[in-house]
Amino acid sequence: MSAIWPFRPLAPHLEALEWLTDVQTARSGLELRSALRTGPRVVLEMEYNLRAPAERARFEALSYTSQDQVCGLPWWPGQRDLGPLAAGVSRLDCDTAGAGFRPGGRALVIRHAESWEAAEIAAVDPDGLTLAAPLAGSYPRAQAAPLLSCRMDLAFTRRDLPTGRSLGSAVFTALDPEAPDPGRAGTVWEHAELFPQRLWCDQEGMERRGSRAAEELDNRTGGVRRVVHSESTASVIPLRLRADTPEQSLELRRFLHRLSGRLTAFWLPTGRADLALAAPVAQGATVLTVAAASCVQLLASPARRALCLRAPDGAVLLRRVSSARALDGGLEELTVTEALPAIPVSARVSWLVLARLDADRVELSWERAGCCRVETRAREVWL
């Protein structure tokens, strides 16, 4: 490791996860997906506020000497506060859950860009780190961050401002990214995981776009012949995800790593009250009576055959609809394949679609340690 980048980035800074998936789509809409990369490529984009002349000089020196070279980059989303540290200590007390520290790895103990040292980690436990050697310096107030081995991009920028400070930016590719422990999937139904809805924001205002693969042939006389290549319509759904705590950030990163880009499908509720129950459901019943919502026509689409029922107490039920019929009085009757518990009329009923990510690149925007935002898209698929 030739150099250490001790600068703290401005918020937000980006972590891009780049998978590689081969997707082959049949005319019916069914897909065959294969992973071409064993793990994601991790690209980090940082911008720095260089206030002091010493910081500007260090940034310029590192930028010129580190291009296409291996360097040590702190993983700032995993930063943990340590408080005061005396010289010679070899134990750092902090919460290590989800931070990215690992035995045999390295940590950067830092106060600011001119006061820091890199330390090798001998052991990691939930309450702290044990270092392979004591710290050489003392720190009135310090933080610890995992130190990644990265390769700097060939380009960087430095912009000098009239105020006397400068803004510098650089891009790094992690050579040994530490993927989070995939953990255990939450709710699994029909071989696919249920999307963690508490991380999804702006559900009501999202724009859904539906399209069917087709080709238009212009006969040059003003007429157009359309050749439809798909038997089903696929919707593209924007996902705005938000994690405000280290625990939620870890849950979000684990979920994204389990998806592996476009590879793995998951169940995605629309998040809306798509159907309104007209009567409570009795214990053991398999029939739902709902206000008319054209369910008979919707069941012709493979994307509208599953339901997500969320009871007022927070319980989530997933069911597949086998048939629908219209009743008198503006009502419809849906029959599901599994018996239901007692459900009040106030339960929220949404359509449930099977989806995958629409791109192999996902960007996590880190606003501070343990707080990130993700904007991406999901595409409906079928079993």
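The values are calculated or read from the model by the stated rules, or taken from the named source; none is laboratory data. Note that the coordinates shown come from a computational prediction; the quantities given were computed from them, not determined experimentally. Glycine also receives a Cβ, built like all others from the backbone with ideal geometry; neighbour counts cover every protein chain displayed.
General remarks:
- So Gly78, is it small (Gly, Ala, Ser), out of contact with any helix residue (DSSP H, G or I) (no Cβ under 8 Å at 6 or more places or on another chain), under 30 Å from Trp19 (Cα atoms) and assigned by TED's automatic domain parsing to the domain that holds Thr130: yes
- Among (1) at pLDDT 90 or above; (2) assigned by TED's automatic domain parsing to the domain that holds Ala155 - the single one Arg27 does not satisfy: (1)
Quick grid of which residues meet (1) part of a strand (DSSP E or B); (2) within 16 Å of Arg262 (Cβ to Cβ):
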site	(1), (2)
Ala16	yes, yes
Ser28	no, no
Arg33	yes, yes
Val43	yes, no
Asn49	yes, no
Arg56	no, no
Leu62	no, no
Leu82	yes, no
Ala87	no, no
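- If you filter segment 347-383 down to residues that are at pLDDT below 90 and not in a strand (DSSP E or B), you find that the one that is surrounded by the most Cβ atoms within 10 Å (Cβ to Cβ) is Val381.
- Residue check, Leu175 touching a strand residue (DSSP E or B) at 6+ places or on another chain (Cβ under 6 Å), touching a residue at least 24 places away in the same chain (Cβ under 8 Å), among the hydrophobic types (A, V, I, L, M, F, W, C) and surrounded by fewer than 16 Cβ atoms within 10 Å (Cβ to Cβ): yes
- When segment 137-159 is filtered for residues that are among the polar types (S, T, N, Q) and either closer than 19 Å to Gly98 by Cα or not in a strand (DSSP E or B) (or both), the ones remaining, listed by number, are Ser138, Gln143, Ser149.
- Scope segment 279-319; condition assigned to a loop (DSSP other than H, G, I, E, B) and among the aliphatic types (A, V, I, L, M); matching residues: Ala279, Ala282, Ala285, Ala292, Ala293, Leu299, Ala300, Ala303, Ala311, Ala315
- Number of the condition not met by Thr270 [criteria: (1) touching a Phe, Trp or Tyr at 6+ places or on another chain (Cβ under 6 Å); (2) surrounded by fewer than 15 Cβ atoms within 10 Å (Cβ to Cβ)]: (2)
- Scan of segment 295-322 for residues that are under 23 Å from Ser235 (Cβ atoms) and not aliphatic (A, V, I, L, M), ordered by number: Cys295, Gln297, Ser301, Pro302, Arg304, Arg305, Cys308, Arg310, Arg319, Arg320, Ser322
- Out of Leu154, Leu167, Leu148, Leu129, one residue alone is within 27 Å of Leu82 (Cα to Cα), aliphatic (A, V, I, L, M), in contact (Cβ under 8 Å) with a residue 60 or more places away in the chain and touching a strand residue (DSSP E or B) at 6+ places or on another chain (Cβ under 6 Å). It is Leu148.
- Residue within segment 127-148 that is under 30 Å from Arg348 (Cα atoms) and among the β-branched types (Val, Ile, Thr) present: no
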